[in-house]
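Below is one structure, written out as structure tokens; the observations come after it.
Just so you know, all these numbers are worked out from the coordinates, no wet-lab data involved. Everything numeric here is computed off the predicted structure, so don't read it as measured data. Cβ: placed from backbone, ideal geometry, glycine included. Neighbour counts: every protein chain shown.
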Amino acid sequence: MIKEFRDFVLKGNAIDLAVGVLIGASFGGFVTAFTKGIIEPLISAIGGNPQVTLKLGIFDVGLVLTALISLLITGAVLFFVFVKPMNTLKARAAKGQVAAPPEPSKEEKLLTEIRDLLKAKV
């Protein structure tokens with residue numbers, strides 16, 4: 001049982017997943033700090049208030065709207081600061097790479113040899 005557990009933990013998938021989760025958590029903290037430290041003060045300087053206050057009876061709709069605005073701002077920051085530049089870099093890298101033709105199979109190699117032998121007899 002211990003050997004199976006060790007094999008599971010040392011598999012690339014489990015380690016990759018663990019690293020991805022930890023980096024994702026750190027990245028989430030960075031994006032939150034960037035949004036709260038740069039984007040929200042920028043909105044405040046322009047004249048907007050990033051905190052919406054709106055109460056309808058016992059419901060605090062402003063809290064939900066603030067969370068929605070924060071989600072949209074965070075999504076925009078992620079897209080324009082990280083995703084879009086990474087997609088551009090990937091596209092540039094893909095243009096520079098030329099895919100090598102696949103290695104012929106054994107059957108294709110054998111048929112090529114037969115063809116060459118038949119041509120040599122003619």
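Calculated from the structure, Rg and Dmax of the Cα atoms in Å equals which of (i) 28.3, 96; (ii) 28.5, 107; (iii) 14.2, 41? Checking each listed value against the structure points to (i).
Which lysines, on any chain, are close to K121 with Cα under 21 Å apart, when same-chain ones fewer than 8 places away are left out? Hits, sequence-local ones excluded: K109.
Cβ neighbours within 10 Å, averaged per peptide: list 32-43, 17-28 in order, most packed at the top. Please report the intermediate quantities before stating the final value.
On the way: 32-43: 13.7, 17-28: 10.7.
Going from most to least packed, we get 32-43, 17-28.
Rounded to the nearest 10 degrees, the angle from helix 106-121 to the longest Cα principal axis of the chain is 40 degrees. Taking Cα atoms, how many degrees apart are the long axis of helix 12-34 and the longest axis of the chain, rounded to 10 and kept between 0 and 90? Helix 12-34 and the main axis of the chain meet at about 30 degrees.
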